[in-house]
Amino acid sequence: MTTEFDMSGKVALVTGASSGLGAHFVKVLAERGARVVAAARRVDRLEALVAEVNAAGGEAIAVALDVTSNESVNQAFDQAEAAFGTVTVVSNNAGVAFVEGALRMDEAKWDQIVDTNLKGVWLVATEAARRMAAAGVAGSIVNTASIMGLRVAYGQISYCTSKAGVIHMTKGLALEWARKQIRVNALCPGYFETEMTEGYFDDPKGQAFLQATPAQRAGRMEEITAPFLLLASDAGAFVNGIALPVDGAHSVANF
């Protein structure tokens, strides 16, 4: 796997890198030779992550990033370029979620979810592509969507809507940028053991929910590594515009 998914010479920017899948992807990319820019709002956590990566022989820096702010996105890319050069791999991973019915959710929460999960992906992806095209380099953008962009769940209308938008945006950007040698794909995780889900999975209701899924458990971090690297690395050079579920068959379940 290390040879097939070699990331040497790549400069990668990971949003939402302070925890969960984002932090995992930072480590995965660094372990395979990429120089990694770990970006998020919680800079204190980023510093700890970057210190861990560098101590293990990787090369990473931390930058503050609010994906809902175009100015913040531009500044993050400026810092990345100053440190490592043009970003050629993006893991668009920042996201938020609320479990609340459509009639209960207020406009502020709706805007927070859509601005972070959809607008944020747009701002980061377009800025990355703009700079890759200007530098004349090929690249790969991996947008973290969700199986909730492929199906719906009760009480998650805003999250499902934002992630469905990410999937459709991914396909449109892949079509537009293919001739620029910039691939855009979406990773659609099911339920994984992350900071966002750990409290729920410790609860009896959460355990009952997992038991009702086809795999009868949550995904483990190492089980999303290869799917992510396929989309991010040159191993997937002819994979473009797809939405890849990694969910233990949850997205095709009949509930």
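The values are calculated or read from the model by the stated rules, or taken from the named source; none is laboratory data. Quantities reported herein were computed from a predicted structural model and do not represent experimental measurements. Please note: Cβ atoms are built from the backbone with ideal geometry, for glycine as well, and neighbour counts cover all protein chains shown.
Computed quantities for the displayed model
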| quantity | calculated |
| --- | --- |
| Check on Thr194, farther than 21 Å from Val96 by Cβ and buried (at least 17 other Cβ atoms within 10 Å of the Cβ) | no |
| Of all residues making up the stretch 200-211, the number that are among the aliphatic types (A, V, I, L, M) and surrounded by fewer than 10 Cβ atoms within 10 Å (Cβ to Cβ) | 1 |
| Cross-chain or 6+ apart pairs with Cβ under 7 Å, the stretch 47-58 first and crowded, with 19+ Cβ neighbours inside 10 Å, then of a type in the set (Asp, Glu) and modelled with pLDDT of 95 or more | Gly58/Glu31 |
| Number of positions in the stretch 212-240 that are in a loop (DSSP other than H, G, I, E, B) and either in contact with a Phe, Trp or Tyr (Cβ under 8 Å, 6 or more places away or on another chain) or surrounded by 18 or more Cβ atoms within 10 Å (Cβ to Cβ) (or both) | 7 |
| Residue count, the stretch 97-117 (criterion: part of a loop (DSSP other than H, G, I, E, B) and surrounded by fewer than 18 Cβ atoms within 10 Å (Cβ to Cβ)) | 9 |
| Of residues in the stretch 90-117 being among the aliphatic types (A, V, I, L, M) and closer than 25 Å to Val11 by Cβ, the one modelled with the lowest pLDDT | Ala94 |
| Residue among Lys163, Lys171, Lys119 that is more than 30 Å from Phe84 (Cα to Cα) and basic (Lys, Arg) | Lys163 |
| Residue match in the stretch 51-60 (condition: modelled with pLDDT of 95 or more, at positive phi and of a type in the set (Gly, Ala, Ser)) | yes |
| Pair list, Cβ under 8 Å, 6 or more apart: the stretch 139-153 residue in contact (Cβ under 8 Å) with a residue 40 or more places away in the chain, other residue of a type in the set (Phe, Trp, Tyr) and crowded, with 24+ Cβ neighbours inside 10 Å | Val142/Phe228 |
